[in-house]
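Asks: Before anything else, here's the structure in question.
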Amino acid sequence: MLACAFGLGSWVAVNGLWVELPLIVNTLPEGWELPSYLTVIIQLANLGPLLVTLVHKLCPRHLKEQVVIYSILSIGILSCILLVFFWDKTMIVAGTSHSIAFFIITFFLSLVDCTSSVTFLPFMMLLPAKYVTTYFIGEGLSGFLPGVVALAQGVGFTKCNMWSLHTEHLPPNFSTEVFFFFLAAMMCISLAAFFALNRLPRTFELSTKTLVPDMVVSVSSGLDNPGLEIDREEAGVAQSNPMLANPKHSVYHLTFIYLMVVWVNTATNGLLPSVQTYSCMPYGNLAYHLSTALSSVANPVACTIAMFLQNRSLVFLGVLTTLGTVFGSYNMAMAAMSPCPLLIGSVFRYQHLKVSSWVFFTGTLSYVKVMVGVILRDRSHSALVWCGAAAQMGSLVGSITMFPLVNIQQLFKSGDFCNTECPL
């Protein structure tokens, strides 16, 4: 249970921010452009794991992982508490109001979660292998629980003011501040669990077996860091060319696998999240709320399914990637047509299709991520390192590509649910 609680702190903050966006975008001045800012901030926060990795390589004896974990969890708790009081504070920059405080705090929360990818699992290697399975369950819950709490919170009701023809947003079941306190509580639980794990009697023999028999792939949510996972089977792989040590896959197969990794992460961590508001908000706040919350739940569910129902066929994974891309293309097309996407006049019936499209997009590509990680993990540690690099490159390319299109070129248009006139 301690290992599971420790895993909660891995990605709960970023996942929580993402599922709370349907309420935040109606308050902050960036509005529908806010998700595109967050995708770039999350990618910038990868400086944290990069720095930790460099220190590991250059000065391996000078970095104490326990100290780093205590530090990042404490920063996470403080950042969540600061969000409660400053998330809606704005500043004037170049004559325009911006959410500078929210962006700075989000960066530190992203720094905490990204850095957890290269610090939490190495610490778990000090414990017997059976505890690592429950750690991954906790990591999955870091995406599942915020989504469930967001569903309980609701998004309030939306009504049209007949005099001003503007949308009025009625309050949800509990406020955004309460939700941020929930995130802080989850981080506190993770810190307390880590403290207890460090105080456990070390009378047991440390395990030298493989950490997880079937997979060593993160089951975290929404905008996850595909960072470097650790495999202990490298010693059994040919050192001369570890990428080709396994004869099962040719060079062409490996090229296809890595291209699939790049594309899946480009779509799920950069392209589509940046425009989710434009894809969903024309159908109302409820459609956007359900899309973000249920997608956050779909991610760990898909990863859990992948643990028990594994299919390593590259043909099957290619078909599944194509299917996910079809859902993603539909979502992107609706965003490009904003504020008047298809069947906007049938909004209350059509929003179910919109929500389902986002859930299936997230679920199918999350399954592909896990299975690709399983395939490459069985080859070698180096193959998994290259998988992490390809995933990071895809995420970075996706977020950097969409930011100028959304915020500078303004190819995507926002609108008001009540006063936008669209042809039926």
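Asks: How large is the accessible surface of Met402 in square angstrom, using a 1.4 angstrom probe and rounding to the nearest 10?
Replies: 10
Asks: Could you calculate the FRET efficiency of Ser356 with Leu47 from 1/(1 + (r/R0)^6), where r is the beta carbon distance between them and R0 is 60 Å, rounded to 0.05?
Replies: Values: r = 37 Å, r/R0 = 0.61.
The value I calculate is 0.95.
Asks: For a protection proxy built on the mean count of beta-carbon atoms within 10 angstrom, sort 87-95, 125-133, 179-187 highest first, please. Mind showing how you got there, number by number?
Replies: Details: 87-95: 11.2, 125-133: 16.0, 179-187: 22.1.
The peptides rank, most packed first, as 179-187, 125-133, 87-95.
Asks: With a sphere of radius 13 Å drawn around the Cβ of Ser414, what net charge do the other residues whose Cβ falls strictly inside it have (Lys, Arg +1; Asp, Glu -1)? Please list the in-between numbers first.
Replies: Details: positive: Lys413; negative: Glu30, Glu33, Asp416.
Its environment carries a net charge of -2.
Asks: Work out the P(r) tail for segment 1-201: percent of alpha carbon pairs separated by more than 32 Å, whole number. Display every interim value, and only then the final one.
Replies: Numbers: 4457 of 20100 pairs.
The share of Cα pairs beyond 32 Å in segment 1-201 comes to 22 percent.
Asks: May I pose another question? What is segment 249-423's relative contact order, in percent, from Cα pairs under 8 angstrom and six or more apart in sequence?
Replies: Numbers: 216 pairs, mean separation 75.2, N = 175.
It comes to 43 percent, rounded to a whole number.
Asks: Separate question: Per Stokes-Einstein, at 25 °C and 0.890 mPa s, what whole-number D in µm² s⁻¹ belongs to segment 40-148, with the Kirkwood radius over Cα pairs as the hydrodynamic radius?
Replies: Values: Rh = 15.8 Å.
The calculation lands on 156 µm²/s.
Asks: What shape does segment 249-423 have by the C-alpha gyration tensor, where a ≥ b ≥ c are the square roots of the eigenvalues, rounded means a/c under 1.5, and otherwise prolate means a/b greater than b/c and oblate the rest?
Replies: Values: a/c = 2.75, a/b = 1.86, b/c = 1.48.
Prolate, because a/c is 1.5 or more and a/b exceeds b/c.
Asks: A further question follows. With the cut-off at 17 Å, report for segment 6-84 the share of all Cα pairs above it, as a whole percent.
Replies: Working: 1804 of 3081 pairs.
Of the Cα pairs, 59 percent sit more than 17 Å apart.
Asks: Please arrange Tyr252, Tyr278, Tyr367 by accessible surface area, largest first, computed with a 1.4 Å probe and ligands excluded.
Replies: On the way: Tyr252 185, Tyr278 5, Tyr367 25 Å².
Listed by decreasing accessible area, they come as Tyr252, Tyr367, Tyr278.
Asks: Using label points projected 7 Å from each Cα along Cα→Cβ, tell me how many nm separate Thr255 and Lys57, to one decimal.
Replies: 2.6
Asks: Within segment 14-80, list the trypsin sites (Lys or Arg not before Pro) lying in a DSSP loop whose Cβ has at most 10 other Cβ atoms in a 10 Å radius. Each step should come with its number before you reach the end.
Replies: Values: sites: Lys57, Arg61, Lys64; in loops: Arg61, Lys64.
Hits after loop and neighbour filter: Arg61, Lys64.
Asks: Hey, what's segment 249-423 come to in accessible area per residue, 1.4 Å probe, Å²? Intermediate values should be presented prior to the final figure.
Replies: On the way: 6920 Å² over 175 residues.
For segment 249-423, the solvent-accessible area averages 40 Å² per residue.
Asks: Another question, then. Please compute the per residue accessible area over segment 1-201 with all protein chains in place, 1.4 Å probe, rounded to a whole number of Å².
Replies: Numbers: 8690 Å² over 201 residues.
Here the per-residue accessible area is 43 Å².
Asks: Highest first, please rank the peptides 71-82, 14-25 by the mean number of other Cβ atoms sitting within 10 Å of their residues.
Replies: 14-25, 71-82
The values are calculated or read from the model by the stated rules, or taken from the named source; none is laboratory data. For clarity, every value in this text was computed on a predicted model and none was experimentally measured. Cβ sites come from the backbone with ideal geometry, for glycine too, and all protein chains shown count toward neighbours. Protein only, heavy atoms only, side chains kept; ligands, DNA and RNA dropped before computing areas. Shrake-Rupley method; radii C 1.70, N 1.55, O 1.52, S 1.80 Å.
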